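Written out below as structure tokens is the structure these notes cover.
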Amino acid sequence: MANTSSAKKAARKIARRAAVNKIRRSRVRTFVRKVEEALASGDKTAAEAALKAAQPELMRAAGKGVVHKNTASRKVSRLAQRVKGLSA
């Protein structure tokens, strides 16, 4: 447990950041799941719309340090590839 006042403040700060990061990570998962569901249903227009919404959310999470930049890029790339491969 933190003993000094600065360590206590740091612990509070870390807890706040962790909560914000958890919300951001959850948002990303939700957007990615919507793309996955559209892909599973075979609806190309819905999948394209969901991907268009998910891409900035993933890159925003990467910019904020929630996920690594390369991880976000890889996820966007793989989703885009699957959407492109979906027959119209």
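Every number in this text was worked out from the coordinates using simple rules, so none of it is lab data. This structure is a prediction, so every number in the text was calculated from the model and none was measured. So basically every Cβ, Gly included, is an ideal-geometry build from the backbone, and we count neighbours across all protein chains shown.
Here are some notes:
- Of the residues making up the range 42-88, those that are part of a loop (DSSP other than H, G, I, E, B) and more than 17 Å from Arg29 (Cβ to Cβ) are Gly42, Asp43, Leu86, Ser87, Ala88.
- Residue among Val76, Val83 that is under 11 Å from the mean Cα position of the chain (by Cα), of a type outside the set (Lys, Arg) and at negative phi: Val76
- Residues of the range 19-59 classified as within 22 Å of Ser87 (Cα to Cα) and of a type outside the set (Phe, Trp, Tyr), total: 24
- The listed residues are Ala2, Ala62, and the only one of them that is of a type outside the set (Phe, Trp, Tyr), free of Cβ contacts under 8 Å to residues at least 24 places away in the same chain, more than 22 Å from Ser87 (Cβ to Cβ) and surrounded by 15 or more Cβ atoms within 10 Å (Cβ to Cβ) turns out to be Ala62.
- Taking every residue in the range 22-43 that is crowded, with 17+ Cβ neighbours inside 10 Å and pairing it with any residue that is part of a helix (DSSP H, G or I) and not small (Gly, Ala, Ser), at least 6 positions away or on another chain, the pairs with Cβ-Cβ distances below 6 Å are Val28/Glu57; Val28/Leu58; Phe31/Glu57; Val35/Leu51; Val35/Leu79; Leu39/Arg82.
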